[in-house]
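These notes concern the structure reproduced below.
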Amino acid sequence: MEKKIGEILIQRGLTISTAESCTGGLLSSKLTDVSGSSNYIRLNVVTYANEAKHKILGVTLETLEKHGAVSEECALEMAQGLYKLTNSDICVSTTGIAGPTGGSVEKPVGLMYSAIYTPQKHQIYKILLSPNIDRIKMKEKFTQTVLNNIYSFLAFV
């Protein structure tokens, strides 16, 4: 999927950047596995801690306190902040709970929000996987889902 994404980005002359939390750089790794990806990737960051989300990406403290890091609001603010930082054509964020510990009834292990932001439009995705998947597989499934979402999003940009 990452190769197809790269081909579309090159064909359209678009750039992409990522801000990851729960995927821990795996999305960035997948995108940069493609030869020539330096032609369209501007910046990829892992902002795991709330402090990093706030200081680097500009996620408001109000959002973090009111909605938490694992929320639609945080995912969108991460992507918007990444856009301000990079001016990339497409900015993608991930934030969630990969487990096996953590989570709650409201926000269980296996919950991830991802946002894809462009100045023209944005999309927020909620992904809920089984909490019984081990952490490594959870991150891989989160990442593959986000890659699929990027590909679908590009079909309409």
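Coordinate-derived values only; no laboratory data. What you are looking at is a predicted structure, and each value in this text was computed from that prediction instead of being measured. Note that each Cβ is placed from the backbone with ideal geometry, even for glycine, and that neighbours are counted across all protein chains shown.
Details
- One residue alone among I16, I56, I10 is touching a residue at least 60 places away in the same chain (Cβ under 8 Å) and either in contact with a Phe, Trp or Tyr (Cβ under 9 Å, 6 or more places away or on another chain) or surrounded by fewer than 20 Cβ atoms within 10 Å (Cβ to Cβ) (or both), and that residue is I16.
- Pairs are defined by a Cβ separation below 6 Å, a sequence spacing of at least 6 or placement on different chains, a first member in segment 22-51 that is among the aromatic types (F, W, Y), and a second member that is crowded, with 16+ Cβ neighbours inside 10 Å and in a loop (DSSP other than H, G, I, E, B); the pairs so defined are Y40/T15; Y48/S21.
- Matching residues, segment 116-153, being within 15 Å of the chain's Cα centre (by Cα), assigned to a helix (DSSP H, G or I) and either at positive phi or not β-branched (V, I, T) (or both): M138, K139, E140, K141, F142, Q144, L147, N148, N149, Y151, S152, F153
- Boolean, S88 is in contact with a Phe, Trp or Tyr (Cβ under 7 Å, 6 or more places away or on another chain) and crowded, with 16+ Cβ neighbours inside 10 Å: no
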